[in-house]
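Peer 1: Have a look at this one before I ask anything.
The values are calculated or read from the model by the stated rules, or taken from the named source; none is laboratory data. Computed from a predicted structure; not experimentally measured. Reconstructed Cβ throughout: ideal geometry from the backbone, glycine too, with neighbour counts over all protein chains shown.
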């Protein structure tokens, strides 16, 4: 056993304490809150003690309401973590797992030790390796990918390079680095034109389809670049691929075993309502989106998708969970679009739906992720 691994007697002495961490500084803040609502409702309170902690849009860590309904989408708008309720301070020394709460004009309050953090944060400053590095500094266990896999998974530019290096098929793309569009718009446009039409213009380090535009005419490229730059100074531009949008959920293996892939699912968007699976289609317009689990695919294509999903997970050094998105062309070829190391996790999200279709329901999935984290050694792995 690693010197940093939680001993069986230590686990048996009390219920493991789980910090459910959500919110964050990225544009996906409300989606993180929606995910937290589902996890707080599903987690087994007889088996785990739970400490909900929210991160405000300005980066303040606060004690959060443990009522799942507080973090749901309502007619009044999207949920958001507000300041107040006591600032939570995370330990930074190895071997210390105790949390402290700081309140105005009050002495620091000890909140007790945390055994594992469930970082339900999407996008930069949470899913990109920054938070994972903070937790690694203090040898605090957490659910999901480590620093490198999180960073690679967040940055579509380097993700594609890593996958190409492992012989995994990805579609044609080009990258517009910070400042390039402003310095030489003609050169960028000429380079982009070689990809053909349609194009998809994306922020390199954002999720939930934020800032993504479909471009069917190069005259629309400046507006698409502007929309992407609202979220990221670096932009990835991909050639459109004609094919079915298929997703596959991956869970890490236990005790050195290989990762596991779910049955694939398929996203079908009503073409008269949305040009692609954008933010509105994902979260605000369920009537025009059909999420099919499992996807109706030939058996050999199903196995190809599942194999590529596991290989993609391994290529970036994934841990815990990921969702791998692919295209299946009319010829039966499978092309990887991206990997998401902290996918949406509401009961209606594709990741838990695919595992439900594969025999693991939502509460069991939450439990499995916590157990994977508890049994994972800290330090270099």
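Matching residues to (1) in a loop (DSSP other than H, G, I, E, B); (2) in contact with a helix residue (DSSP H, G or I) (Cβ under 9 Å, 6 or more places away or on another chain); (3) at pLDDT below 95:
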| site | (1), (2), (3) |
| --- | --- |
| 238 | no, yes, no |
| 246 | no, yes, no |
| 249 | no, yes, no |
| 257 | yes, no, yes |
| 263 | yes, yes, no |
| 268 | no, no, yes |
| 271 | yes, no, yes |
| 275 | yes, no, yes |
| 282 | no, yes, yes |
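Peer 1: Within the bounds of segment 354-362, is there any residue that is part of a loop (DSSP other than H, G, I, E, B) and modelled with pLDDT under 95?
Peer 2: Checking segment 354-362: not a single residue is part of a loop (DSSP other than H, G, I, E, B) and modelled with pLDDT under 95.
Peer 1: Would you check if residue 57 is farther than 26 Å from residue 154 by Cβ and touching a residue at least 12 places away in the same chain (Cβ under 8 Å)?
Peer 2: no
Peer 1: Starting from residues that are within 23 Å of residue 351 (Cα to Cα) and touching a strand residue (DSSP E or B) at 6+ places or on another chain (Cβ under 6 Å), keep the ones in segment 199-240 and report whichever is surrounded by the most Cβ atoms within 10 Å (Cβ to Cβ).
Peer 2: So the residue we want is 202.
Peer 1: Please pick out the residue among 40, 34 that is assigned by TED's automatic domain parsing to the domain that holds residue 115 and either in contact (Cβ under 8 Å) with a residue 60 or more places away in the chain or in a strand (DSSP E or B) (or both).
Peer 2: That would be 34, the only listed residue that is assigned by TED's automatic domain parsing to the domain that holds residue 115 and either in contact (Cβ under 8 Å) with a residue 60 or more places away in the chain or in a strand (DSSP E or B) (or both).
Peer 1: Looking at segment 171-183, is at least one residue in contact with a helix residue (DSSP H, G or I) (Cβ under 8 Å, 6 or more places away or on another chain), part of a loop (DSSP other than H, G, I, E, B) and surrounded by fewer than 18 Cβ atoms within 10 Å (Cβ to Cβ)?
Peer 2: Within segment 171-183 (the criterion being in contact with a helix residue (DSSP H, G or I) (Cβ under 8 Å, 6 or more places away or on another chain), part of a loop (DSSP other than H, G, I, E, B) and surrounded by fewer than 18 Cβ atoms within 10 Å (Cβ to Cβ)), the answer is no, since none of the residues qualifies.
Peer 1: Would you check if there is a residue in segment 66-75 being in contact (Cβ under 8 Å) with a residue 40 or more places away in the chain, surrounded by 21 or more Cβ atoms within 10 Å (Cβ to Cβ) and in contact with a strand residue (DSSP E or B) (Cβ under 8 Å, 6 or more places away or on another chain)?
Peer 2: yes
Peer 1: Still on this structure, please answer the following. Quick check on segment 168-183. Is at least one of its residues without any contact (Cβ under 8 Å) to a residue 12 or more places away in the chain, over 15 Å from residue 204 (Cα atoms) and out of contact with any strand residue (DSSP E or B) (no Cβ under 9 Å at 6 or more places or on another chain)?
Peer 2: To start, the set of residues in segment 168-183 that are without any contact (Cβ under 8 Å) to a residue 12 or more places away in the chain comprises 180, 182-183.
Pick out the ones that are also over 15 Å from residue 204 (Cα atoms) and you get 182-183.
Next, only the ones that are out of contact with any strand residue (DSSP E or B) (no Cβ under 9 Å at 6 or more places or on another chain) stay: 182-183.
Checking segment 168-183: at least one residue is without any contact (Cβ under 8 Å) to a residue 12 or more places away in the chain, over 15 Å from residue 204 (Cα atoms) and out of contact with any strand residue (DSSP E or B) (no Cβ under 9 Å at 6 or more places or on another chain).
Peer 1: Does any residue of segment 320-334 turn out to be at pLDDT 95 or above, assigned to a helix (DSSP H, G or I) and under 30 Å from residue 138 (Cα atoms)?
Peer 2: no
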